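Asker: Here it is, the structure, as structure tokens.
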Amino acid sequence: MRILIAEDDFASRKFMLKFLSKYAEVDVTVDGQEAAAAFELALEDGIRYDLVCLDIMMPNMNGIEALTAIRSLEEQFGIDRSSRARVIMTTALNDVNQVDQAFDLGCEGYAVKPIDTDKFLVIMEKMGLDIHGDK
Amino acid sequence: MDNMTANSDPMMEIFLEECGDLVTQYETYLHMAGEKKEYDLTLINEIFRITHTLKADATMMLFECVAVPTRAFERLLYFYRDECSIVNFDEFSDMLTRLIDYVKSEVQSILNGEAADTDGDELKQEFLDYRDKLASGISVEQVENVEKKAKFEIQDEPMRFYIGSATDASPEKKSTKTAKKKTAAPKTKPAQVKDNAAEEIKKDAVGQKSAKSSETAGASELSGIDFETSLRDEQPEDEKQKDRSSSEITWLKDKSSITGDDLEKLYNLVTSLGGVEERMMARFGKEYDRYADVFGEFHEINIALLDWITQASTVPMGHISPKLHKTVSEMNTRLERKCGLVIEGESVLIDRTWMDKISGALVHMLRNSIDHGIESKEKRKILGKPAEGLIKVAYSQTEREFIIELSDDGSGIDVENLRKRALERGVYEAEFAETPEEIMELMFIPGVSTHEKEGIYSGRGVGMDVVKHNIEELGGNISVKSEIGKGTVFTVSIPLKSGTNGEEESLYEDFDSRR
């Protein structure tokens, strides 16, 4: 499994990296722009990400914009809904409108920081990601 | 202020509220079916819609104990909707009732802060067994057809999961990232003043150049609560997140939500800070001006804290205005009515814990008033009333009571008619009710409706009894005055608890005027 993390806060980034590295090969980016670029590169190389974790408040391109970019890239590459990457927003914002907006734009999960790692694993499984097998 | 909802996750609040709404709708349809002793396709479709929403909501909130049986119930409904149109009234009513009771009790457990004591598997199995029974009554082809259609629809549903913050009770999750960075700042350096908590707070306070807005108030509040953590903080940076969730001030430890008692303790702590400030002022006397900048910050943080805690434990009634307006416009569309809504006293603050019950009661009352109170456009024209009906909701507060007045300019309630219908329903009390006031009381008895013709939304006798129940749970009461042809006024009054509402307000003002 391959996971992409976009997170500008150093501590949160390291935390997520440490947590998710147990289950997958993890790449880390520091803002939305870099994340979208990494995602596009992976699509071109044919080594797609299974899961993308996006912080919302990030410089250059925020998580919501990055989500939109990722979904439109997938469309360009002709990837249908069922096989597209799962996206979980990881953020300290839990404003109801923000959550609604993110879901409407096509993320599968929304996790409020500090991340509840047990539940995070639960939803990864529900999303069809393999957390028991080999990385 | 959205980020000030202190004691629980806003998504969770909305979910629980919606659960309540959906259960009420279930009950309404259950009752409607009871009148005719059958479930027609319209009813099944409505019940399907509610079930679908409930399932999606529960799944999203990882509320599996509700999602599991609801999913099974939905599978059952697919059969009715697509193939098996004849519903066994008694059996289906029984199952719907069990689902309703189950959801109610699970929601109650959540509200009480208890963990769900069941996974819902038993109920799920029951629904599935019944579904199998239905399936055995029709051809294999038909069963396949239903399954295929269901599978197709389920596949198409968007995948949505929400995880609340790991420290659910902590106000930290409301803080913005900036706030978080601010609190994190002193931790990155080794704490030099480990044994002096006060020093640490001061340092933090000085570090914060402005504590003016409520957002930064959240931050200063955090630094206050967090100092224990910062003093002990010697873990590597990446452990911080984990550490935060496990270390709160002692009495906040291991709580899934902040209770009213906690808030009161917090409130007392915060007000005692005000006392300390006063003593410092007195002691420093003329010197005070020399340290004006530091004292100024201290004062601002004090105020911000007090502001935060007031916000956390109370909420302005205006909070539910959008919901009320939405109810009215929905009713207008569905019933082809024209009715305006005026809300007065939106700034009146009430105890946060009351909100759910009050909002539920108000929505019921609004629906009732529009459905039965406000006449059709045509009828209003004939009566010489303005085409647009008007409902007014006014909140007010005296020293002792919180009052809601809901008035409409509709047809009013005919007491004789009300009594007649109560008698028809075999309501025992109706035989003894004599004065108009006594007769009015009858409408709060389960099963008694204020109107002969039953609308889509209300008037099936469910509703007003629920309203009364909600209000009584808060220790309040409800009364009705009505004049035929002129309208009806409902008055709800709820006695205030000590230690909440008005008090904080006055203290806050007092606090502020000292500067």
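Coordinate-derived values only; no laboratory data. Keep in mind it's a predicted model, so treat the numbers as computed, not measured. All Cβ positions, even for glycine, are placed from backbone atoms using ideal geometry, and neighbour counts span all protein chains on display.
Asker: Run through the range A:37-130 and list the chymotrypsin sites (Phe, Trp or Tyr not before Pro) located in a DSSP loop whose Cβ has at most 14 other Cβ atoms within 10 Å. Numbers along the way, then the final one.
Answerer: Details: sites: A:Phe39, A:Tyr49, A:Phe77, A:Phe103, A:Tyr110, A:Phe120; in loops: A:Tyr49, A:Phe77.
In loop regions of the range A:37-130 (DSSP not H, G, I, E or B), the sparsely surrounded chymotrypsin sites (Phe, Trp or Tyr not before Pro) are A:Phe77.
Asker: Residues with amide H under 5 Å of B:Glu401's amide H, sequence separation 5 or more or different chain, H placed in the peptide plane at 1.01 Å from N; which?
Answerer: So B:Glu401 has HN proximity to B:Leu496.
Asker: Could you pull out the GluC sites (Glu not before Pro) across the range B:315-386 that fall in loop regions by DSSP (anything but H, G, I, E, B) with no more than 11 other Cβ atoms inside 10 Å?
Answerer: Working: sites: B:Glu330, B:Glu336, B:Glu344, B:Glu346, B:Glu375, B:Glu378; in loops: B:Glu336, B:Glu346, B:Glu375.
Loop-located and lightly packed - B:Glu336.
Asker: Name the residue from A:Ala111, A:Gln76, A:Met57 whose Cα lies farthest towards the positive end of the charge dipole of chain A, charges +1 on Cβ of Lys and Arg and -1 on Cβ of Asp and Glu.
Answerer: Going by the charge dipole, the pick is A:Ala111.
Asker: Next question. Taking every pair of alpha-carbon atoms in the range B:71-139, what share in percent sits in each 5 Å bin, from 0 to the bin with the longest distance?
Answerer: Over the range B:71-139, the share of Cα pairs per 5 Å bin runs 3, 15, 25, 22, 14, 9, 7, 4, 1, 0 percent.
Asker: Sort A:Ser83, B:Ser376, B:Ser493, B:Ser411 by Cβ crowding within 10 Å, fewest neighbours at the top. Could the numbers behind the result be given before it?
Answerer: Numbers: A:Ser83 8, B:Ser376 13, B:Ser493 18, B:Ser411 23.
Least to most surrounded, the residues fall as A:Ser83, B:Ser376, B:Ser493, B:Ser411.
Asker: List the residues, sorted by chain then number, that are 5 or more residues from B:Ile391 or on another chain and whose placed amide H is less than 5 Å from its amide H.
Answerer: B:Gly340, B:Leu341, B:Val342
Asker: Exceeding 26 Å between C-alpha atoms, which entries from my cross-link table qualify? They are B:Lys357/B:Lys379; B:Lys37/B:Lys357; A:Lys119/B:Lys148; B:Lys55/B:Lys323; B:Lys37/B:Lys338; B:Lys323/B:Lys377. Don't skip to the end; give the middle numbers.
Answerer: Working: B:Lys357/B:Lys379 34 Å; B:Lys37/B:Lys357 31 Å; A:Lys119/B:Lys148 31 Å; B:Lys55/B:Lys323 22 Å; B:Lys37/B:Lys338 33 Å; B:Lys323/B:Lys377 24 Å.
Beyond 26 Å between Cα atoms: B:Lys357/B:Lys379; B:Lys37/B:Lys357; A:Lys119/B:Lys148; B:Lys37/B:Lys338.
Asker: Say a paramagnetic label sat at a point 7 Å from the Cα of A:Asn60, along Cα to Cβ; which residues of the range A:9-29 have their backbone N under 13 Å from it?
Answerer: Zone members listed by number: A:9, A:28-29.
Asker: What ranking do A:Ile5, A:Ile79 get, fewest neighbouring Cβ atoms within 10 angstrom at the top? Numbers along the way, then the final one.
Answerer: Numbers: A:Ile5 25, A:Ile79 15.
Least to most surrounded, the residues fall as A:Ile79, A:Ile5.
Asker: Now for a different question. Using alpha carbons only, how many angstrom separate the centre of the range B:392-451 from the centre of the range A:1-49?
Answerer: The range B:392-451 and the range A:1-49 have Cα centres separated by 62 Å.
Asker: Rank these for me by crowding, B:Arg75, B:Arg419, going from fewest to most other beta carbons within 10 Å. Could the numbers behind the result be given before it?
Answerer: On the way: B:Arg75 18, B:Arg419 22.
Placing the least packed residue first, the sequence is B:Arg75, B:Arg419.
Asker: For B:Asp40 and B:Glu141 in one chain, what is 0.36 nm times their gap in residues minus the Cα-Cα distance, to one decimal in nm? Could the numbers behind the result be given before it?
Answerer: Working: separation 101, 0.36 × 101 = 36.36 nm, distance 2.38 nm.
Roughly 34.0 nm would be gained on extension.
Asker: Ok, one more. Compute the Cα gyration tensor for the range A:53-135, then decide on rounded, prolate or oblate, letting a ≥ b ≥ c be the square roots of its eigenvalues: rounded whenever a/c is under 1.5, prolate when a/b is larger than b/c in the other cases, and oblate in all that remain. If you can, show how the numbers build up before the last one.
Answerer: Working: a/c = 1.81, a/b = 1.03, b/c = 1.75.
Oblate shape, in that a/c is at least 1.5 and b/c is the bigger or equal ratio.
Asker: If I model a spin label at B:Glu264 and A:Asp130 as a point 7 Å from the Cα along the Cα→Cβ vector, what separation in nanometres do I get?
Answerer: Distance between label points: 5.6 nm.
Asker: For B:Asp156 and B:Lys338 in one chain, what is 0.36 nm times their gap in residues minus the Cα-Cα distance, to one decimal in nm?
Answerer: Contour length minus the Cα-Cα distance gives 61.8 nm.
Asker: Follow-up. Normalised by the number of residues in the range A:1-127, what is the relative contact order in percent for Cα pairs under 8 Å and 6+ residues apart? Mind dumping the intermediate values first?
Answerer: Working: 201 pairs, mean separation 28.0, N = 127.
About 22 percent, as a whole number.
Asker: Test of understanding: what is the full-extension gain from B:Asp82 to B:Asn112, defined as 0.36 nm times their sequence separation minus their Cα-Cα distance? Please report the intermediate quantities before stating the final value.
Answerer: Values: separation 30, 0.36 × 30 = 10.80 nm, distance 3.93 nm.
My answer for the length gained is 6.9 nm.
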